[in-house]
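Asker: Below you will find the structure I want to go over with you.
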Amino acid sequence: MSQPTDLTRIEVIDECIAEILRSKTPGERLAMGFRAAAFARMIVESGVRHTNPAWDTARVNQEVFRRMQLGSAGWPVGHNSGQQIYLCEGLASSQAHSRC
C-alpha cells in the first residue's frame, strides 16, 4: 500500500517505481534516458512542424535545436536573466547560502 503523497515536495517517486529503477543496470537506466530524450525531441519537432507547416526540414531542425538547447524563451536552460539562483537544503535563495 502506498504512503500518502507529501505535497510539500515537488517530485515524489512512488516506492514501487523506485524499486524498479534500482533493479536496472546503469546501462539500462542510461538507455531509458536516451529514449526519453528522443521522445521529447519527437514531441518538440511535431509541435514545430504543426505550428510552421511551410518550414523545410533544415529550418525545423534548427528550431528544435534552439528550443531544446536554449529553451522556448531563447535563454539557455537554467538561465535566469543574470540573477544567480542557488538551491540549498530545498530552499531557493538569490545568494549563496552559508550551508551550501
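Here, each number is a calculation from the coordinates, and none is a lab measurement. Since the model is a prediction, treat every value here as computed from it, not as a measurement. Note that we place each Cβ from the backbone using ideal geometry, even for glycine, and neighbour counts take in every protein chain shown.
Asker: Answer with one residue from 48, 60, 33: the one whose Cα lies farthest towards the positive end of the charge dipole of the stretch 14-72, charges on Cβ with Lys, Arg +1 and Asp, Glu -1.
Answerer: Comparing the listed Cα positions along the dipole, 60 ranks first.
Asker: Just grab the label-to-label distance for residue 40 and residue 24, each label 7 Å out from Cα along the Cβ direction, in nm (one decimal).
Answerer: In this crude spin-label approximation the distance works out to 1.4 nm.
Asker: Could you give the length gained by full extension between residue 32 and residue 55, i.e. 0.36 nm per residue of separation minus their alpha carbon distance, to one decimal place?
Answerer: 5.2 nm
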